[in-house]
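Read through the structure below, which is laid out as structure tokens, and then see the notes.
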Amino acid sequence: MTTMTETLTAEQVKQTEAKHVLQLYRRAPIVLVRGEGARVWDSDGKSYLDFTSGVGVAALGHANPGLAAVIADQARVLVHTSNLFFHPFQGQLAEKLCRLSGLDRAFFCNSGTEAVEACLKFARRYWFTRGETSRTQFVALSRAFHGRTFGSLSITADPHYREPFGPLLAGATFVDAADPAALAAAVTDQTAAIVLEPIQGEGGVRPLSAAFAAAVNEAARRTGTLVIADEVQSGLGRTGHAFYAPVLGLEPDLVAIGKALGAGIPIGAALMRERVAQTISPGDHGSTYGGNLLACRAALYFVDQLLDGSLLAHVTRVGAHFELRLRELAARHPIVTEVRGQGVMRGLELTVPASNVVDAARPLGLLANATAKTVLRLLPPLTVTESEIDEAIGVIDTAMASAGGRS
């Protein structure tokens with residue numbers, strides 16, 4: 001049976017989009033039609049190593065057989081009922097996420113942005129319930145990216161994202177993650193929550209320092225302020241840890257997750273401590289699609305891989321190899337000024353636009369991503385192998401040389 005993607009040429013796909021799709025994305029000039037593991041194929045049959053994995057979404061690689069089987073099984077039985085009724089999987093998934101995170105309850109939504117939005121609402125609701133209605137402000141970080149809805153955008157630092165849509169949510173203050181003293185000064189008895197990414201993703205793959213994490217803990221202890229960890233990109237195994245906030249010594253009250261959770265099926269979640277959950281009432285928030293049967297089955301399959309332990313051990317092993325190879329690469333190319341990240345969440349700070357290297361690597365068979373203008377971001381599937389990493393390093397080496405960066 002011929003599929004629709006097989007009957008359309010790449011040019012037809014592009015022309016149809018140009019005419020009918022809202023032009024928000026600067027897409028690479030290829031049409032992807034198939035994937036397997038860490039590889040994808042375009043409509044011309046060319047293969048690529050995918051070191052974007054859907055910006056960290058395809059955690060188990062493309063067309064994972066086990067994931068495909070549970071999705072197909074659930075699709076034949078029941079996909080969606082709404083949250084007006086119980087179904088078998090939300091409770092199971094919540095229990096496993098709580099076991100992984102050390103938190104107590106979960107609210108399910110459809111994306112990381114929605115999870116951040118929920119955390120912001122729940123933080124304000126917490127103080128409202130306690131009768132401290134003036135505690136409405138948020139302290140966030142420079143270079144932060146938390147999403148594009150109005151709440152999450154209000155705590156996203158870059159004016160490029162913010163300015164066309166103002167005025168945004170009032171009461172957001174931004175501090176530099178390199179300045180613990182600035183955080184201490186910004187957090188007051190009017191602050192509802194400190195919001196942070198343990199590793200800033202869009203901001204350039206920048207892990208927070210231990211000193212800054214200690215300052216967060218002290219400010220929270222001093223003022224009672226809640227801590228929201230946005231682990232949408234850094235969480236769920238990407239660093240070799242289930243979550244990265246605890247590695248820094250942070251004990252967040254709320255955690256936002258998404259991306260990898262459904263391994264390609266849209267699902268997000270806001271995780272929280274019981275003391276926060278007890279201040280939230282039925283009707284305070286909701287989601288039509290959130291936590292539907294199909295998404296929960298996919299997420300359960302993925303989370304089971306984390307709870308088994310073998311996937312985290314794999315990421316730790318290949319992550320060490322990844323770092324070694326990237327540092328070797330940096331030693332050969334003066335345009336690389338810093339190697340950052342953990343596990344299979346890596347960034348190379350460059351002296352040239354990272355898009356130059358991304359564009360040079362694509363025809364050579366590697367998909368990568370540029371962020372923060374000068375950072376080459378590499379987010380392969382958690383299942384990537386050492387040999388695939390070596391292959392990618394070889395392509396980046398050639399791409400940097402062609403971009404004029406070889407010593």
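The values are calculated or read from the model by the stated rules, or taken from the named source; none is laboratory data. Just so you know, these numbers come straight off a predicted model, no measurement behind them. A quick note on method: Cβ atoms are made from the backbone with ideal geometry, for glycine too, and the neighbour counts reach across all protein chains shown.
A few notes on this one:
- Residues that are under 26 Å from L294 (Cα atoms) and touching a helix residue (DSSP H, G or I) at 6+ places or on another chain (Cβ under 9 Å) occur in the stretch 4-21; there is at least one.
- Complete set of residues in the stretch 282-317 that are in contact with an Asp or Glu (Cβ under 8 Å, 6 or more places away or on another chain) and buried (at least 22 other Cβ atoms within 10 Å of the Cβ): G290, R297
- Cβ-Cβ under 6 Å pairs, at least 6 apart or on other chains, the stretch 86-102 side closer than 30 Å to L248 by Cβ, far side among the aromatic types (F, W, Y) and surrounded by 13 or more Cβ atoms within 10 Å (Cβ to Cβ): S101/F243
- Inter-residue pairs, beta-carbon under 6 Å, first under 24 Å from Q92 (Cβ atoms) and in the stretch 106-125, second assigned to a helix (DSSP H, G or I) and basic (K, R), 6+ apart: G112/K259
- Meeting the requirement of 1 or more residues that are under 30 Å from I194 (Cα atoms), touching a helix residue (DSSP H, G or I) at 6+ places or on another chain (Cβ under 9 Å) and basic (K, R), the helices (runs of 4 or more DSSP H) wholly within the stretch 23-128 are 89-101.
- Residue, nearest to G112 (Cα to Cα), within the stretch 251-275, restricted to residues that are in contact with a helix residue (DSSP H, G or I) (Cβ under 6 Å, 6 or more places away or on another chain) and surrounded by fewer than 24 Cβ atoms within 10 Å (Cβ to Cβ): I265
- Test: residue in the stretch 106-129 that is acidic (D, E), more than 28 Å from G151 (Cβ to Cβ) and in the same structural domain as G151 (by TED's automatic domain parsing): no
- Odd one out for A213 among (1) out of contact with any Leu (no Cβ under 9 Å at 6 or more places or on another chain); (2) part of a helix (DSSP H, G or I): (1)
- Among helices (runs of 4 or more DSSP H) entirely within the stretch 130-205, having at least 1 residues that are of a type in the set (S, T, N, Q) singles out 150-154.
- Residue count for the stretch 198-224 under the criterion of being among the acidic types (D, E) and out of contact with any Ser or Thr (no Cβ under 7 Å at 6 or more places or on another chain): the result is 1.
- Count of residues meeting criterion [within 23 Å of the chain's Cα centre (by Cα) and surrounded by fewer than 18 Cβ atoms within 10 Å (Cβ to Cβ)] in the stretch 35-52: 1
- Subset of the stretch 372-400 [part of a helix (DSSP H, G or I) and of a type in the set (A, V, I, L, M, F, W, C)]: I389, A392, I393, V395, I396, A399, M400
- Sole residue being without any contact (Cβ under 8 Å) to a residue 60 or more places away in the chain and not aromatic (F, W, Y), chosen from G204, G268, G224, G290: G224
- Selected residue (criterion: nearest to A157 (Cα to Cα)) from residues of the stretch 182-226 that are β-branched (V, I, T) and either outside the structural domain of I257 (by TED's automatic domain parsing) or surrounded by fewer than 21 Cβ atoms within 10 Å (Cβ to Cβ) (or both): T188
- For the criterion of being within 17 Å of V358 (Cα to Cα), within 25 Å of the chain's Cα centre (by Cα) and modelled with pLDDT under 95, R27 passes.
- Against the list (1) outside any helix (DSSP H, G or I); (2) loosely packed, with under 14 Cβ neighbours inside 10 Å, the condition T16 fails is (1).
- Residue in the stretch 23-32 that is surrounded by 13 or more Cβ atoms within 10 Å (Cβ to Cβ), among the small types (G, A, S), touching a residue at least 60 places away in the same chain (Cβ under 8 Å) and outside the structural domain of Y289 (by TED's automatic domain parsing) present: yes
- Residues considered: R130, R105, R124, R143. Of these, the only one that is more than 18 Å from A260 (Cβ to Cβ), within 17 Å of the chain's Cα centre (by Cα) and not acidic (D, E) is R143.
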